[in-house]
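As structure tokens, the structure follows; a few thoughts come after it.
The values are calculated or read from the model by the stated rules, or taken from the named source; none is laboratory data. Keep in mind the model is a prediction, meaning the values are calculated, not measured. Glycine gets a Cβ as well: all are built from the backbone with ideal geometry, and neighbour counts include every protein chain shown.
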Amino acid sequence: MQTFDLGAEGLRALNSALHGLKGQTNMTAWEVVNPKGAHAIAAGVDAPVDITVRGSTGYYCAGMNKQATIRIKGSAGPGVAENMMSGTVIIDGDASQYAGATGRGGLLVIKGNASSRCGISMKGIDIVVHGNIGHMSAFMAQSGNLVCLGDAGEALGDSLYEARLFVRGSVKSLGADCVEKEMRPEHIAILEDLLSRGEADAKARPEEFRRYGSARTLYSFNIDNASSY
């Protein structure tokens, strides 16, 4: 276990050390202590390592993550796991706005609540939120899956493309071109896998969820739909 005191050694030294772990490394377990809400902790990691951050983080923690498993033992500020490519990010607390934004792959798990715009413009990432999600979540989401065990705020899935949204609780309102869809057996299988990988399988059953997706009326401009753009 490599223990790094962020308060004593600084963010630049931490990220420089992590960026040096290209490809295979025997330094596979890292612990970051005294994060004190610092921004961009463990951003741009590209190595198959496990990183535990013992405390809450600021902006863009685990941004652009690739291969690494990063667990935040606290809450995360805006843009956690932004543009994530692969690997896993697990937040034991809450996440601020636009968690998982533009994520292209990997798994983001939020054990608490997520604020507004969770999964905005997601492009292949899987996101599992144990609590609630805020307004405009999955705005312009292109692909991937967003699972919410709690309630969803206003304008869920506004201008959605082909991402799948699964919500167990209530939805305050749906955004433009987002509609409820049939929950078929293949969707049950996808959701079972996501609940298991997202450490939420003991909290919910797939049949308790509803599925939402794109009505596909905004793909091309149509004057009849002008008021929805």
Enumerate the strands (runs of 3 or more DSSP E) found wholly within the range 1-90, keeping only those where 2 or more residues are within 21 Å of LYS123 (Cα to Cα).
69-72
Given (1) closer than 18 Å to LEU165 by Cα; (2) crowded, with 20+ Cβ neighbours inside 10 Å, index of the condition VAL49 fails
(1)
Can you tell me which residue is nearest to ALA163 (Cα to Cα) among those in the range 215-229 that are part of a loop (DSSP other than H, G, I, E, B) and at pLDDT below 70?
TYR229
Exactly one of (1) at pLDDT 95 or above; (2) out of contact with any Cys (no Cβ under 8 Å at 6 or more places or on another chain) is unmet by PRO48. Its number?
(1)
Tell me, yes or no, whether the range 201-214 has at least one residue that is touching an Asp or Glu at 6+ places or on another chain (Cβ under 9 Å), in a loop (DSSP other than H, G, I, E, B) and among the small types (Gly, Ala, Ser).
no
Could you please give the count of residues in the range 52-92 that are touching a Lys or Arg at 6+ places or on another chain (Cβ under 7 Å), among the small types (Gly, Ala, Ser) and surrounded by fewer than 21 Cβ atoms within 10 Å (Cβ to Cβ)?
2
In the range 27-42, the residues that are buried (at least 17 other Cβ atoms within 10 Å of the Cβ) and more than 17 Å from THR3 (Cα to Cα)
ALA40
Among GLY119, GLY100, GLY105, GLY124, which is touching a strand residue (DSSP E or B) at 6+ places or on another chain (Cβ under 6 Å), part of a strand (DSSP E or B) and not hydrophobic (A, V, I, L, M, F, W, C)?
GLY124
